[in-house]
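What follows is a single structure, written as structure tokens, with notes after it.
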Amino acid sequence: MDTAHLNTEAIIVGTDHVARLQRIALPALTATRVRLRTLLSGISCGTEADCTSGRASYMPRPFITGYQAVAEVIVCGALVRNVKPGDRVFTHGSGELWGMTHLGGGSHARELVVEDEAVHRLAPDCIALESASYAGLGAVALEGLRRMRLEPGHTLLVFGLGMLGQLVGRLAQLEGLRVVGINRSAWKREAALAFGFDAVCAPETTEVDAAVARLAHGPAYWAVDTTGSQAVFDLAVRSLGRFGELNLLGYYPEPFQVDFDAFHARQIRIHNPVGFGTCIPAVLRIIEDGRLDLTSLIRRTIRPDEITEFYRELVDQHGTHLGAVIDWQT
């Protein structure tokens, strides 16, 4: 069935930086594509706030938001073999098929048409749909961790405890590391402790050193910065031992002043990963077997008719949010 004549509703951010639910044409259904009914789509609160507000200047407007969703297969093209109608899947969205700018796939839509390679089948008995709707951000976290030469039993410092930082810490623990979460916000530190972090502290040198000393005999050799802050970047460098590794998973729109002498003298390695890599299937399996339960972090469920109000709130005070999902079933 050709879907070129069909419309759906999607969240589109206009040139006025306002997010609205708007009608948009679905891409055509071809032999290698799948049409989906979206159940839940996960909001990447920090990234979507930056892109909506204009702070992330790389995102031209208008654009379709979102890059992670759980959906049900409605119909498959003739050559599709990996899924069938009725299956539940994860997808990052329709991507370039939309014919307009999108944020990592444009997953915030009531229906989607995607290439078959953009769907990942969920186990039939998977009930962790909220957690699965964050598999995109989980893949970003896991891809970042895989870039580093991590050793089980050692300590990882996670700077910034938004949803990405929380995911980095929990996935690192599943790799056998002890994790210190660092954030100015007391409630985010409390959320990290409840989520299972080994220790938390404020972003001060003495507090970081004390937290590391409680967990390990010696310095930390791995750190992940999710904040994009010059002050946090400097603190992360100071907190690492010789031959340490610093992973930059934040967004860095402003010029940084970097003391390269510190990197040279202590031989610190920098990583700058971007995107999912090949980690989405691995994250979905971790969620399905119960090792990654995000329900304590997903604190808001948004109806489609609340989109404009919620995104305005997200832009004005996104630091007050961790996880939120859009429920397209309502």
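Observations on the structure shown:
- Pair list, Cβ < 7 Å and 6+ apart or interchain, from segment 292-316 residues that are closer than 16 Å to Asp50 by Cα to residues that are at pLDDT 95 or above and in a loop (DSSP other than H, G, I, E, B): Thr308/Val18
- Counting only strands (runs of 3 or more DSSP E) wholly contained in segment 92-167, the ones carrying 2 or more residues that are more than 20 Å from Ile280 (Cα to Cα) and open to solvent by less than 10 Å² (accessible area, probe 1.4 Å) occupy 155-159.
- Residue selection: Arg170 fails the criterion of being under 20 Å from the mean Cα position of the chain (by Cα), free of Cβ contacts under 8 Å to residues at least 60 places away in the same chain and surrounded by 15 or more Cβ atoms within 10 Å (Cβ to Cβ).
- Qualifying strands (runs of 3 or more DSSP E) (wholly inside segment 168-283; at least 2 residues being farther than 19 Å from Leu297 by Cβ): 220-225, 240-248, 269-271
- Answer residue from segment 51-66, given it is touching a Gly at 6+ places or on another chain (Cβ under 9 Å) and surrounded by fewer than 22 Cβ atoms within 10 Å (Cβ to Cβ) and is nearest to Ala139 (Cα to Cα) among those: Phe63
- Tabulated pairs, segment 105-128, first of a type in the set (Lys, Arg), second assigned to a loop (DSSP other than H, G, I, E, B) and open to solvent by less than 30 Å² (accessible area, probe 1.4 Å), C-beta under 9 angstrom, 6+ apart or interchain: Arg110/Trp328; Arg121/Val83; Arg121/Asp87
- Sole residue being of a type outside the set (D, E, K, R), within 15 Å of the chain's Cα centre (by Cα) and at pLDDT 95 or above, chosen from Phe310, Phe276: Phe276
- Residue within segment 283-303 that is surrounded by 19 or more Cβ atoms within 10 Å (Cβ to Cβ), more than 20 Å from Leu171 (Cβ to Cβ) and in contact with a Leu (Cβ under 6 Å, 6 or more places away or on another chain) present: no
- One residue alone among Gly181, Gly244 is under 21 Å from Tyr134 (Cβ atoms) and open to solvent by less than 30 Å² (accessible area, probe 1.4 Å), and that residue is Gly181.
- Leading residue by the ranking (farthest from Tyr67 (Cα to Cα)) among those in segment 30-49 that are open to solvent by 20 Å² or more (accessible area, probe 1.4 Å) and more than 22 Å from the chain's Cα centre (by Cα): Ala31
- Across segment 284-310, the number of residues qualifying as among the aliphatic types (A, V, I, L, M) and part of a loop (DSSP other than H, G, I, E, B) comes to 3.
A quick yes/no check of all residues on (1) within 24 Å of Glu151 (Cβ to Cβ); (2) of a type outside the set (A, V, I, L, M); (3) open to solvent by less than 10 Å² (accessible area, probe 1.4 Å); (4) at pLDDT below 95:
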site	(1), (2), (3), (4)
Trp187	no, yes, no, no
Pro203	no, yes, no, no
Ala211	yes, no, yes, no
Arg214	yes, yes, no, yes
Gly218	yes, yes, no, yes
Trp222	yes, yes, no, no
Thr226	yes, yes, no, no
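Yes/no matrix, rows are residues, columns are (1) without any contact (Cβ under 8 Å) to a residue 12 or more places away in the chain; (2) touching a strand residue (DSSP E or B) at 6+ places or on another chain (Cβ under 6 Å); (3) assigned to a loop (DSSP other than H, G, I, E, B):
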{"position": "Thr8", "(1), (2), (3)": "no, yes, no"}
{"position": "Ile12", "(1), (2), (3)": "no, yes, no"}
{"position": "His17", "(1), (2), (3)": "no, no, yes"}
{"position": "Arg23", "(1), (2), (3)": "no, yes, no"}
{"position": "Pro27", "(1), (2), (3)": "no, yes, yes"}
{"position": "Arg35", "(1), (2), (3)": "no, yes, no"}
{"position": "Gly42", "(1), (2), (3)": "no, yes, no"}
{"position": "Arg55", "(1), (2), (3)": "no, no, yes"}
{"position": "Tyr58", "(1), (2), (3)": "yes, no, yes"}
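- Candidate set: segment 67-91, residues that are of a type in the set (D, E, K, R) and closer than 19 Å to Arg110 by Cβ; chosen: the one least open to solvent (accessible area, probe 1.4 Å): Asp87
The values are calculated or read from the model by the stated rules, or taken from the named source; none is laboratory data. Predicted, not measured: the structure shown is a model, and the values here were computed from it. Cβ atoms come from the backbone with ideal geometry, glycine included; neighbour counts cover every protein chain shown. Side chains included, ligands, DNA and RNA excluded: accessible areas come from the protein's heavy atoms. Shrake-Rupley method; radii C 1.70, N 1.55, O 1.52, S 1.80 Å.
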